[in-house]
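**Student:** I have a structure here, written as structure tokens, and I will follow up with some questions on it.
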Amino acid sequence: MKQSFFTVKDNIALTHDIMKMTLLGDTGDITSPGQFVNILLDGMYLRRPISVNDAEEDTLTLIYKIVGKGTEKMSKMGAGEELDILTGLGNGYDTKKSGGRPLLIGGGVGVPPLYMLAKQLIGEGKDVTVILGFRSARDVFYKDEFEALGAKVCVTTEDGSAGIKGFVTNAFDFAGDYTYTYCCGPEPMLRAVYNASKTSGQYSFEERMGCGFGACMGCSCKTLYGNKRICKDGPVLEKEEIVWEK
Amino acid sequence: MGEVTKARLGVNLCGIDIDNPIIPASGTFGYGYEFAELYDINVLGTFSFKGTTREARFGNPTPRIAECPSGMLNAVGLQNPGVDAVVTKELPRLKAVFDKPVMANVSGFSLDEYVEVSSRLDREEQVGWIELNISCPNVHGGGMAFGTCAGSAETVVKAVRDVVKKPLIVKFSPNVTDIVEIAKAVEAAGADGVSLINTLLGMRIDLRKKKPLLANTTGGYSGAAVFPVAVRMVYQVSKAVKIPVVGMGGVSCAEDVIEMMLAGATAVEVGAENLRNPFACRDIIAALPEVMDKYNINTLKEIIGGAH
């Protein structure tokens, strides 16, 4: 983990409520796809955890949904503004277990971290299939970007206004014969994919956090291997250890 | 830390000299070793480790955290691995990175539990002080139930006093009618010091779901917003008792430390600020000499209770 200042390069709207912020700064502590950063915003007490969409040498890309006061404040920031950010938080995805044909499934704001994961898997020579789930056509983002990486992409929408109608689990046929499952999205989606998937996999969870680095026990969950902190021991859990509670 | 700085910042807390009065508060610093990956935690006066109970506890369901104006609510509910694991696993890990006496924070749900956990931790060489938490607002039938009535506070403190040899500091709740009455009862029962304030009981409601934000419904409010309440209570209590007071509640910077000490605190715990800035305590200690210069303060010892 590292605390450092980043400068906003740009901050653009991808959909009516999804923004993409590109920042310049030290990304050295971001070591795996699926990790997150924690951002201190003026006038907000707790930092805001946001998943890493992509990290290159000096460039950090975050894609976030405007859901409350914190993210609304972020959405109004412009080029040149500075942010105090903790980077390199959480465990992230492990690409070694993927086999040759990994299947990546993301829903809504669960989509962004899968981009860096797909990029890394494709870089390792793997044949990547991605299923992206959204509510409606106006919510769809990043389909082209995944395709540009060389992934096979299938979009689903709940109302059928784009791609396959229904949930991500309605698109499993598209995936063909996959070797491993990576998933990120709201908990009901994680659970549906967990039940529908025929392979082992890694699932990224979300929880309200206090610190984001393992100190406060605000985001604990139970697993088959004992209590874990979503922020420090997660957010990615192995399929075999997940305990569904709620 | 240089000898000159030690002479300026050092205080004596219930018979033990500490290099400076800065103490990360229980529940915001784990068992210490994780912060040791971020900075050398030996710069601290000491720290108070995660509230420990007899059995392992998962704590409350999530969400346990909510944002508030200049602060936060938490309803963690005393998640901890239990006293056995603290003694056999956490303390040995801490020993590798911290060579000072640590403050052992003890919680419980019964008189027996407080007595057993306190006496167990009292025997550990690494433990310098027992901080008896009779003020957790987030568990039912325990914690705060002991600390909100002078009679029951006195009973539990007496029972623990009988079994522990190390300095006993009693941490109590601001969620009471008369905090001075509780402080006097705790002093009469044999406590060597008191620490306050624990969090203020609060609540927030999610406008979308129209239900409480926290799964536990209520939680403890901490952060910069509660600082004036804490200063007031530290002032009142330190005027009423002779034993040292450890002040806490919303302390965020070196200026707050000085204010808390002027109010009557011998040492100062820093809580929620560690969660926003993991380097908060290190930064506060580093900033103290310059801020003391600014206000013509030679040593921190000399300002304790200076506002009385």
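Values in this text are rule-based calculations from the coordinates and carry no lab data. Just so you know, these numbers come straight off a predicted model, no measurement behind them. Every residue, glycine as well, gets a Cβ built from its backbone with ideal geometry; the counts of neighbours run over all protein chains shown.
**Student:** Nearest 0.05, what FRET efficiency do A:Asp144 and B:Lys242 give at R0 = 51 Å with Cβ-Cβ as r? Working shown, then result.
**Tutor:** Details: r = 73 Å, r/R0 = 1.42.
Rounded to the nearest 0.05, the efficiency is 0.10.
**Student:** Also, I was wondering about something else. Using a 10 Å cut-off around each Cβ, can you sort A:Cys231, B:Cys253 from fewest to most neighbouring Cβ atoms? Walk me through the numbers on the way to the answer.
**Tutor:** Details: A:Cys231 26, B:Cys253 17.
So the ranking, lowest neighbour count to highest, is B:Cys253, A:Cys231.
**Student:** Where does the charge balance sit around A:Gly90 when Lys and Arg score +1, Asp and Glu -1, over other residues with C-beta under 10 Å from its C-beta? Walk me through the numbers before you get to the answer.
**Tutor:** Numbers: positive: A:Arg229, A:Lys232; negative: A:Asp233.
Taking every Cβ under 10 Å from that of A:Gly90, the sum is +1.
**Student:** Can you give me the long-range amide H partners of A:Val153? Hydrogens built in the peptide plane at 1.01 Å from N, cutoff under 5 Å, separation of 5 or more residues or another chain.
**Tutor:** Distant-sequence amide H within range of A:Val153: A:Val130.
**Student:** Against the longest alpha carbon principal axis of chain A, how many degrees, from 0 to 90 and to the nearest 10, is the axis of helix A:112-123 turned?
**Tutor:** That helix lies at roughly 60 degrees to the long axis.
**Student:** Quote the convex hull volume per residue of the range A:2-89, based on C-alpha atoms, as a whole number of Å³. Write down the numbers at each step before the final one.
**Tutor:** On the way: hull volume 7.3 nm³, N = 88.
Cα-based convex hull of the range A:2-89, divided per residue, equals 83 Å³.
**Student:** While we're looking at this one, here's another question. Given N residues in the range A:47-95, what is its alpha carbon radius of gyration divided by 2.2 N^0.38 Å?
**Tutor:** Values: Rg = 12.1 Å, N = 49, 2.2 N^0.38 = 9.7 Å.
Cα-based Rg divided by the globular estimate yields 1.26.
**Student:** In Å³ and rounded to a whole number, note down the convex hull volume per residue for the Cα atoms of the range B:224-308.
**Tutor:** Numbers: hull volume 6.9 nm³, N = 85.
Measuring per residue, one finds 81 Å³ for the Cα hull of the range B:224-308.
**Student:** Using only the Cα atoms of chain B, construct the convex hull and provide its projected area averaged over every direction, in square nanometres to one decimal.
**Tutor:** Values: hull surface 58.7 nm².
One quarter of the hull surface, i.e. the mean projection, equals 14.7 nm².
**Student:** Right, here's the next one. At 7 Å along Cα-to-Cβ for each site, give me the label-to-label distance between A:Lys96 and B:Leu207 in nm.
**Tutor:** If labels sit at A:Lys96 and B:Leu207, their model points lie 4.8 nm apart.
**Student:** Taking only DSSP H segments of four or more residues, each worth -39500 (n - 2.57), what value at 222 nm results for chain B once the sum is divided by all its residues, to the nearest 500 deg cm²/dmol? Walk me through the numbers before you get to the answer.
**Tutor:** Working: 10 runs with 95 residues, N = 308.
So the helix-based figure for chain B works out to -9000 deg cm²/dmol.
**Student:** Taking only Cα atoms of the protein assembly as shown, what ratio of Rg to Rh do you get with Rh as the Kirkwood inverse-distance radius? Please report the intermediate quantities before stating the final value.
**Tutor:** Working: Rg = 25.1 Å, Rh = 24.7 Å.
Reported Rg/Rh, Kirkwood definition of Rh: 1.01.
**Student:** Moving on to the next point. For A:Glu241 and A:Glu158 in the same chain, what is the full-extension length gain: residue separation times 0.36 nm, less their Cα-Cα distance, in nm? Don't skip to the answer; put the middle values down first.
**Tutor:** Working: separation 83, 0.36 × 83 = 29.88 nm, distance 2.94 nm.
Net length gain for the segment: 26.9 nm.
**Student:** Continuing with this model, one more query. Quick check for you: which residues of the range B:37-66 have the amide N under 16 Å from the point 7 Å beyond the Cα of B:Val163 toward its beta carbon?
**Tutor:** Only B:52-56 pass the distance filter.
**Student:** For the range B:76-217, what is the Kirkwood hydrodynamic radius in Å, using each pair of distinct C-alpha atoms?
**Tutor:** Working: mean 1/r = 0.0626 Å⁻¹.
It works out to 16.0 Å.
**Student:** Follow-up. Rg and Dmax in Å for the range A:125-246, alpha carbons only: what are they?
**Tutor:** When restricted to Cα atoms, the range A:125-246 yields Rg and Dmax of 15.8, 44 Å.
**Student:** Give me the number: length gained by fully extending B:Tyr39 to B:Thr177, i.e. 0.36 nm times residue separation minus the C-alpha to C-alpha distance, one decimal in nm.
**Tutor:** Numbers: separation 138, 0.36 × 138 = 49.68 nm, distance 4.04 nm.
Result for the pair: 45.6 nm of gain on full extension.
**Student:** Please report, for the Cα atoms of the range A:60-162, the Rg to one decimal and the Dmax as a whole number; what are they, in angstrom?
**Tutor:** 15.5, 42
**Student:** Ranking A:Ile242, B:Ile134, B:Ile16, B:Ile284 by Cβ neighbours within 10 Å, fewest first, what do you get? Walk me through the numbers before you get to the answer.
**Tutor:** Numbers: A:Ile242 19, B:Ile134 28, B:Ile16 16, B:Ile284 25.
Taking fewest neighbouring Cβ atoms as first place, the list is B:Ile16, A:Ile242, B:Ile284, B:Ile134.
**Student:** Helix A:187-196 against the longest principal axis of chain A: what's the angle in degrees, Cα atoms only, rounded to the nearest 10?
**Tutor:** The angle comes out at about 30 degrees.
**Student:** When every alpha-carbon pair in chain A is counted, what percent end up more than 27 Å apart? Please report the intermediate quantities before stating the final value.
**Tutor:** Details: 9570 of 30135 pairs.
Counting every Cα pair in chain A, those more than 27 Å apart make up 32 percent.
**Student:** Moving on to the next point. Simple spin-label model, 7 Å along Cα-to-Cβ: B:His308 to B:Ser70 in nm?
**Tutor:** 2.7
**Student:** Scanning chain A for GluC sites (Glu not before Pro) in DSSP loops with at most 10 other Cβ atoms within 10 Å, what's the longest stretch left with none?
**Tutor:** Working: sites that count: A:Glu57, A:Glu245.
So the longest stretch without any such site is A:58-244.
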